[in-house]
Ligand code: SER
């Protein structure tokens with residue numbers, strides 16, 4: 001079975017069970033300052049677990065593109081990837097454990113025809129925060145899973161979320177497939193990562209919210225959040241113990257690396273896997289407009305590309321080679337993701353440029369390392385500053401040499417020279433949408449005011465290209481050939497503050513995208529919308545409004561809650577795009 005057949009069967013199955021198929025959200029969370037990437041399909045759904053109504057209903061399903069950087073060190077094994085697709089189905093306060101588990105069992109055994117004797121299950125063992133999940137175990141037993149194949153594990157294994165520090169989370173029951181690999185010990189069990197069991201599906205029962213004090217309190221509604229990795233499950237269905245052997249996902253990519261290096265996958269498995277994984281992730285990131293840099297998402301893209309270049313060096317590839325690998329990724333995924341083909345030139349250019357930048361200094365940097373001898377925080381910073389070695393890359397080289405870098409010393413050096421990169425704070429990788437703080441909500445509504453104000457002052461060619469909000473400021477990218485003049489800037493900020501002073505109500509309605517457009521709502525992320533959308537209107541009535549825009553929320557109830565704001569900076573970021581920053585006055 002190909003990966004696309006799996007995706008199709010999954011979505012079809014849940015559609016027949018009353019779920020609406022929603023589009024995959026962007027890899028870069030919109031309006032969520034606390035995380036760099038969408039790490040799971042539940043991520044964009046957090047407000048709906050908390051009780052907000054989803055326009056597509058209470059039963060949802062999709063194939064979500066995800067990116068996780070916390071697994072990066074494990075990339076190189078058979079099942080971990082930075083970028084991956086995750087199939088999911090969700091109940092927003094609708095069905096609960098029984099229906100969720102039964103659906104999973106039916107899909108696995110009847111649609112995918114997996115032998116139930118190959119399945120092993122884990123359930124939450126219980127602790128002071130939540131009871132043992134015997135309910136799930138009983139459901140599994142009723143379905144014919146023997147007791148000895150059901151394992152109770154602690155929070156570390158059988159609890160998911162919150163995606164950030166606070167927010168929805170709960171016990172989960174995980175479904176493993178037994179591969180036929182030998183037991184690693186007499187206590188070998190699912191979750192050991194020894195290869196005997198592969199986790200293919202996770203059903204999370206999101207019934208708690210973790211508070212900032214670390215308490216778990218019941219949510220208003222019981223939600224189900226499930227996730228199934230497309231790479232892993234397709235491998236299992238094809239009897240493969242290695243995801244990278246799945247032909248339709250990795251075949252062409254692995255072949256490209258073989259042709260470039262003249263080496264075989266069997267002999268240089270780790271290098272092949274890392275290059276393939278990192279360039280797949282890089283292609284999808286570049287397709288979302290991420291540019292390699294020293295901060296945030298850009299830094300991750302830089303790390304991925306530079307790490308791939310270094311592993312290419314290990315394969316003794318002499319010339320730039322990433323273009324061919326990126327091309328193979330685009331070819332493999334363009335049918336499912338047509339934007340990759342549309343943006344082919346930009347994607348390749350971004351990856352090539354970063355490869356070239358780094359290739360020029362990689363060799364020198366590696367020679368320097370030979371001279372340096374003992375690597376430490378101080379010279380790791382020197383390598384970063386002089387040769388563009390991401391810290392993590394130097395750490396990896398240090399590890400190969402049995403040395404360790406003190407991150408604190410590196411950070412101190414960094415701070416001495418520059419503003420400390422935000423990415424250095426590991427918290428960024430873990431955050432979550434659950435932090436829809438007041439400030440973030442206020443700035444979110446401000447983006448709508450800004451968008452409308454820009455169109456009124458500059459004209460209707462203005463369209464939003466992206467936005468990013470922290471509790472301190474909002475950043476807004478839009479199409480416009482030139483920076484704004486002082487007068488234009490003043491006109492835009494006056495217009496925004498005027499609406500804020502007017503105390504305009506913010507109203508939400510649900511309708512089809514077509515209807516929204518007919519009503520004059522702005523909508524610029526066309527293909528990402530589902531059948532039903534939410535339209536936010538800022539103004540006194542449906543005919544007398546300042547802004548009408550398709551958006552997921554959350555927003556303030558009236559504009560006066562925002563308080564006066566000011567434009568603190570603008571910059572031209574290239575490609576006919578201008579960026580504006582707004583903060584509170
Ligand atoms: N959020 C859960 C996971 O990522 C289920 O989708 O495993």
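Only residues that are touching a residue at least 60 places away in the same chain (Cβ under 8 Å) and under 26 Å from residue 2 (Cβ atoms): list them for the stretch 305-336, please. Please lay out each step first, then the result.
Taking the stretch 305-336 first, the residues touching a residue at least 60 places away in the same chain (Cβ under 8 Å) are 306-307, 310, 321, 324-325, 327-329, 331-332, 335-336.
The answer is 324, 325, 327, 328, 329, 331, 332, 335, 336.
Name the residues in the stretch 83-98 that are away from the ligand (no atom under 13 Å from the Cβ) and over 22 Å from residue 141 (Cβ atoms), would you? If you could, list the steps in order and put the result at the bottom.
So in the stretch 83-98, the residues away from the ligand (no atom under 13 Å from the Cβ) come out as 83, 92-98.
Within the stretch 83-98, 83, 92, 93, 94 meet the criteria.
Can you give me the number of residues within the stretch 458-507 that are in contact with a strand residue (DSSP E or B) (Cβ under 6 Å, 6 or more places away or on another chain), part of a loop (DSSP other than H, G, I, E, B) and closer than 21 Å to residue 441 by Cβ? Residues that pass the stated criteria total 2.
Within the stretch 511-523, none of the residues are modelled with pLDDT under 90, in contact with a helix residue (DSSP H, G or I) (Cβ under 6 Å, 6 or more places away or on another chain), within 28 Å of residue 23 (Cα to Cα) and assigned to a strand (DSSP E or B).
Evaluating residue 109 against the criteria (1) at pLDDT 95 or above; (2) within 27 Å of residue 135 (Cβ to Cβ); (3) more than 16 Å from the ligand (Cβ to nearest atom); (4) out of contact with any helix residue (DSSP H, G or I) (no Cβ under 8 Å at 6 or more places or on another chain) leaves one unmet condition, (4).
Within the stretch 220-230, which residues are over 19 Å from the mean Cα position of the chain (by Cα) and within 13 Å of the ligand (Cβ to nearest atom)?
If we filter the stretch 220-230 for residues that are over 19 Å from the mean Cα position of the chain (by Cα), which is where we start, we get 220-224.
Passing the criteria: 223, 224.
Has the stretch 33-42 got any residue that is in contact with a helix residue (DSSP H, G or I) (Cβ under 8 Å, 6 or more places away or on another chain), under 26 Å from residue 243 (Cβ atoms) and modelled with pLDDT of 95 or more? No: zero hits.
Right, residue 71: surrounded by fewer than 20 Cβ atoms within 10 Å (Cβ to Cβ), under 23 Å from residue 240 (Cβ atoms) and at pLDDT below 90 or not?
Values: surrounded by fewer than 20 Cβ atoms within 10 Å (Cβ to Cβ): yes; under 23 Å from residue 240 (Cβ atoms): yes; at pLDDT below 90: yes.
Taking the combined requirement at face value, the residue satisfies it.
If I filter the stretch 69-82 down to residues being within 14 Å of the ligand (Cβ to nearest atom) and touching a helix residue (DSSP H, G or I) at 6+ places or on another chain (Cβ under 8 Å), which single residue comes out as farthest from residue 277 (Cα to Cα)?
Initially, the stretch 69-82 is screened for residues within 14 Å of the ligand (Cβ to nearest atom), giving 70-71, 79-81.
In the following step, the residues that additionally are touching a helix residue (DSSP H, G or I) at 6+ places or on another chain (Cβ under 8 Å) were identified as 70, 79-81.
Numbers: 70: 14, 79: 11, 80: 9, 81: 6 Å.
Here the residue is 70.
The test for being assigned to a helix (DSSP H, G or I) and away from the ligand (no atom under 16 Å from the Cβ) holds for residue 303. Of the strands (runs of 3 or more DSSP E) lying entirely inside the stretch 136-223, those carrying at least 1 residues that are closer than 15 Å to residue 96 by Cβ are 167-178, 197-210. Among the conditions (1) buried (at least 19 other Cβ atoms within 10 Å of the Cβ); (2) away from the ligand (no atom under 16 Å from the Cβ); (3) assigned to a helix (DSSP H, G or I), residue 233 misses just one, which is (2). Of the residues making up the stretch 43-54, none is within 14 Å of the ligand (Cβ to nearest atom) and more than 18 Å from residue 552 (Cβ to Cβ). Listed by first and then second residue, the pairs with beta-carbon distance under 9 Å, at least 6 apart or on different chains, first residue in the stretch 152-167 and at positive phi and modelled with pLDDT under 95, second away from the ligand (no atom under 11 Å from the Cβ) and in a strand (DSSP E or B), are 161/167; 161/208; 161/210; 167/209; 167/210.
Residue count for the stretch 7-54, restricted to those that are assigned to a loop (DSSP other than H, G, I, E, B) and at negative phi: 26. Among the numbered conditions (1) touching a residue at least 60 places away in the same chain (Cβ under 8 Å); (2) away from the ligand (no atom under 15 Å from the Cβ); (3) touching a helix residue (DSSP H, G or I) at 6+ places or on another chain (Cβ under 6 Å); (4) not in a loop (DSSP other than H, G, I, E, B), tell me where residue 101 comes up short. Tallying (1) touching a residue at least 60 places away in the same chain (Cβ under 8 Å); (2) away from the ligand (no atom under 15 Å from the Cβ); (3) touching a helix residue (DSSP H, G or I) at 6+ places or on another chain (Cβ under 6 Å); (4) not in a loop (DSSP other than H, G, I, E, B), residue 101 fails exactly one: (2).
Pull up the stretch 112-124, narrow it to residues that are away from the ligand (no atom under 16 Å from the Cβ) and crowded, with 20+ Cβ neighbours inside 10 Å, then point me to the one that is farthest from residue 332 (Cα to Cα).
The first filter runs over the stretch 112-124 and keeps only residues away from the ligand (no atom under 16 Å from the Cβ), leaving 112-120.
Subset that is crowded, with 20+ Cβ neighbours inside 10 Å: 119-120.
On the way: 119: 30, 120: 32 Å.
Checked the stretch 112-124; the qualifying residue farthest from residue 332 (Cα to Cα) is 120.
With 193, 203 as the choices, which residue is closer than 18 Å to residue 136 by Cβ and within 16 Å of the ligand (Cβ to nearest atom)? On inspection, the qualifying residue turns out to be 203.
The values are calculated or read from the model by the stated rules, or taken from the named source; none is laboratory data. Not measured: the values here are computed from a predicted model. Note: ideal-geometry Cβ built from the backbone for every residue, glycine included; neighbour counts use all protein chains shown.
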